[in-house]
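To start, the structure under review is shown below, and the notes come after it.
The values are calculated or read from the model by the stated rules, or taken from the named source; none is laboratory data. Here the structure is a predicted model, which means the values were calculated and not measured. Please note: Cβ atoms are built from the backbone with ideal geometry, for glycine as well, and neighbour counts cover all protein chains shown. With ligands, DNA and RNA removed, areas are computed over all heavy atoms of the protein, side chains included. Shrake-Rupley method; radii C 1.70, N 1.55, O 1.52, S 1.80 Å.
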Amino acid sequence: MANQRVLILGFVWPEPNSSAAGGRMVQLISIFKEQGFEVTFASSASDSDYRIDLESLAVAKKSITLNCSSFDVFVKELNPSIVLFDRFMMEEQYGWRVAENCPDALRLLDTEDLHCLRLARQKAFKDNRQFTTDDLLVEDVAKREIASILRCDISFMISEFEIELLQSVFKIDSQLLYYLPLLLEPIDDSTIQNLPLLEERKNFVFIGNFLHEPNWNAVQYLKETIWPLIRQQLPEAVLQIFGAYPSQKVLQLHKPLEGFYIMGRANDAQEVVRNSRVVLAPLRFGAGIKGKLVEAMQCGTPSVTTTIGAESMSGDLPWNGFIADESQTFADKAVELYQDKTLWLKAQENGFRIIEKRYLKSMFEENLITHILTIQTHLKQHRLDNFMGTLLQHHTLTSTKYMSRWIEEKNKNI
């Protein structure tokens, strides 16, 4: 197994303190490294002050260029046995180059969340109507994302709901999909005992990357609708809004006199959540697993969220707080949770149980590696069984290939 060489093509450099996607990528890297795989992380994104130090993880770092045949030389020389695309956009850009230069490399796609689902829900919300699965069928991003899933050998899905959707709406073969949620370490008893008590905590908190549209929408909803309802009942309450990359319009919502504080990037998100009493996450559209809500459970902090916020997260287990879609109910439950110690402790316990039953890394890592090795061993047959994928590889990527070649030539003349 030690001779396995993994190339990860990143949409951005991983920032585990800025987003759940960054944390997810570090979890995947750690699984590969623990198996003795050599890992190279390549991206065309600009460097970031907040990216994780890949070298400290013994991961080789490589900057690559879009629409440039220098990538062909690089990937051929590296000759990876596994290529992981970080989101479908990376597979669109580089998938044909990987297939052409390293045809025997296993192609994995980490969807992060189903982008087409998030965008279709967002459009339905902005049109002030209920989302239906028909919205997906007319969504351009769905056509691109589904094509990418079909072209890959395995797609990692973070949400069971999304797997069901892909199978029922788009008729994707289950052999191409693999359920892989966030992968966490167990919370030991001493950690639980050292968590701040309810009496030692104060304030409500929202935390989320502002480059992510569902987060910005949730903050607007809090400011305009939910927070005034909470303040009617708790006039001295404070809500702190943390998140990376706040824009000017986010900063303008800072209103200390209303107990509404825009705090910007958290130096230590876990410390912030651990010292808060209740997490608020009124997400009105989105997809995937919400890192902020998993983090709340890890920190022993109950949360109030929506049906979409909690989607696919707790299975049949009770939520670590409340799920409410109507604004007044949301506010009432938030106040109740903030004040009722018995309720708060029960919610905290529910959160620990969800982590223990659904997100422990030990429950998934061995099966994941076994699955990867099995598909590698039978890769030829696996691809023969996926005729739609080979068809798309042939047609779609031929067009992508010539478009990319054209851009490359055009760039030479600039």
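A few notes on this one:
- Within segment 4-24, the set of residues being of a type in the set (Gly, Ala, Ser) and open to solvent by 10 Å² or more (accessible area, probe 1.4 Å) comprises 18, 19, 20, 21, 23.
- Selection status of residue 116, modelled with pLDDT of 95 or more, more than 24 Å from residue 373 (Cα to Cα) and surrounded by 15 or more Cβ atoms within 10 Å (Cβ to Cβ): yes
- Among the criteria (1) in contact with a helix residue (DSSP H, G or I) (Cβ under 8 Å, 6 or more places away or on another chain); (2) within 21 Å of residue 244 (Cβ to Cβ); (3) in contact (Cβ under 8 Å) with a residue 40 or more places away in the chain, the one residue 52 does not fulfil is (3).
- Some residue of segment 61-71 being free of Cβ contacts under 8 Å to residues at least 60 places away in the same chain and more than 27 Å from residue 406 (Cβ to Cβ): yes
- Test: residue in segment 62-72 that is open to solvent by 70 Å² or more (accessible area, probe 1.4 Å) and part of a loop (DSSP other than H, G, I, E, B): yes
- Hey, residue 27 open to solvent by 10 Å² or more (accessible area, probe 1.4 Å) and under 19 Å from residue 106 (Cα atoms) or not: no
- On inspection, residue 207 passes the criterion of being within 27 Å of residue 356 (Cα to Cα), in contact with a helix residue (DSSP H, G or I) (Cβ under 8 Å, 6 or more places away or on another chain) and β-branched (Val, Ile, Thr).
- Where a residue in segment 223-235 is modelled with pLDDT under 95 and its partner, wherever it lies, is of a type in the set (S, T, N, Q) and surrounded by fewer than 15 Cβ atoms within 10 Å (Cβ to Cβ), with Cβ under 6 Å and at least six apart: none
- Taking the criterion of being farther than 17 Å from residue 130 by Cα and either small (Gly, Ala, Ser) or free of Cβ contacts under 8 Å to residues at least 40 places away in the same chain (or both), the residues of segment 272-290 that qualify are 276, 281, 288.
- Enumeration of residues in segment 215-262 that are within 23 Å of residue 21 (Cβ to Cβ), assigned to a strand (DSSP E or B) and among the aromatic types (Phe, Trp, Tyr): 242
- Residue, nearest to residue 32 (Cα to Cα), within segment 67-85, restricted to residues that are among the hydroxyl-bearing types (Ser, Thr, Tyr) and more than 26 Å from the chain's Cα centre (by Cα): 70
- Enumeration of residues in segment 190-211 that are open to solvent by less than 60 Å² (accessible area, probe 1.4 Å) and either assigned to a loop (DSSP other than H, G, I, E, B) or under 16 Å from residue 340 (Cα atoms) (or both): 195, 196, 198, 201, 203, 204, 208, 209, 210
- Qualifying residue in segment 39-50 (condition: outside any strand (DSSP E or B) and crowded, with 21+ Cβ neighbours inside 10 Å): no
- Test: residue 245 is in contact (Cβ under 8 Å) with a residue 40 or more places away in the chain, of a type in the set (Phe, Trp, Tyr) and open to solvent by less than 70 Å² (accessible area, probe 1.4 Å): no
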